[in-house]
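A quick write-up on the structure given underneath.
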Amino acid sequence: MNGQAGSMWTTVIMFVAIIAIFYFLIIRPQKKRDKETKAMLDAMKKGDKIITIGGIHGTVVAVKEQTVVIKVDDNTRIEFTKSAVSTVVNKDGAKSNPNKKKEDKAESAAQVEDKKGEKTEDNTVEFKIPEKKEGEDK
């Protein structure tokens, strides 16, 4: 009887360990992402620039209970469900994307200097290709 009881407890402990692993690696992070997505969609307002899951870029014209109307061109407005919005780019240019890991917005100064590029006003890096001189071989 003692051998069966020990085997049963080992099985129960392994079962609990597997449930704990699933909770911490799958369920908890997914709930956190869902919460961030809901907060992003609730904070969406008129004038925000957005990107849909289909890759359509536009500016929010109206926010309704379940849908959002975006302006994609001068006379073109499209209505999407809120769940079709993947990224909200606020008026100040800050991206709000809960589905991507938080990344540094700009590379460190040392990395930028190593690439010998020039920073522009919007924190992008422009690279200049050296021009070939006449008579130079490949």
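The values are calculated or read from the model by the stated rules, or taken from the named source; none is laboratory data. Keep in mind the model is a prediction, meaning the values are calculated, not measured. Here the Cβ is made from the backbone with ideal geometry for all residues, glycine too, and neighbour counts use every protein chain on show.
Residue by residue through the stretch 53-87, note down the ones that are part of a loop (DSSP other than H, G, I, E, B) and aliphatic (A, V, I, L, M). Step through it out loud before you land on a result.
Of the stretch 53-87, the ones part of a loop (DSSP other than H, G, I, E, B) are 53-56, 64-66, 74-75.
Those that are part of a loop (DSSP other than H, G, I, E, B) and aliphatic (A, V, I, L, M): I53, I56.
Looking at (1) closer than 15 Å to A84 by Cα; (2) assigned to a helix (DSSP H, G or I), which one does I50 not meet, given that it meets all the others?
Of (1) closer than 15 Å to A84 by Cα; (2) assigned to a helix (DSSP H, G or I), only one is false for I50: (2).
Among the numbered criteria (1) assigned to a helix (DSSP H, G or I); (2) of a type outside the set (D, E, K, R); (3) without any contact (Cβ under 8 Å) to a residue 60 or more places away in the chain, which single criterion is violated by T37?
Unmet for T37, out of (1) assigned to a helix (DSSP H, G or I); (2) of a type outside the set (D, E, K, R); (3) without any contact (Cβ under 8 Å) to a residue 60 or more places away in the chain: (3).
Taking the condition modelled with pLDDT under 90, aliphatic (A, V, I, L, M) and within 22 Å of the chain's Cα centre (by Cα), does A94 pass?
Here the answer is yes, as A94 does meet what is asked.
Would you tally the residues in the stretch 33-49 being touching a strand residue (DSSP E or B) at 6+ places or on another chain (Cβ under 6 Å) and over 13 Å from T67 (Cα atoms)? Let's see the steps before the verdict.
Taking the stretch 33-49 as the starting set, the residues that turn out to be touching a strand residue (DSSP E or B) at 6+ places or on another chain (Cβ under 6 Å) are 40, 44, 46, 48-49.
Add one more test, that the residue is over 13 Å from T67 (Cα atoms), and what stays is 40, 48-49.
Adding up the residues that qualify gives 3.
Do you know which of the residues in the stretch 1-26 that are over 19 Å from the mean Cα position of the chain (by Cα) and among the β-branched types (V, I, T) is farthest from A62 (Cα to Cα)?
Applying the filter and picking the extreme gives T10.
Quick check on I21: is it farther than 28 Å from V89 by Cα and outside any strand (DSSP E or B)?
So I21 fits the description; yes.
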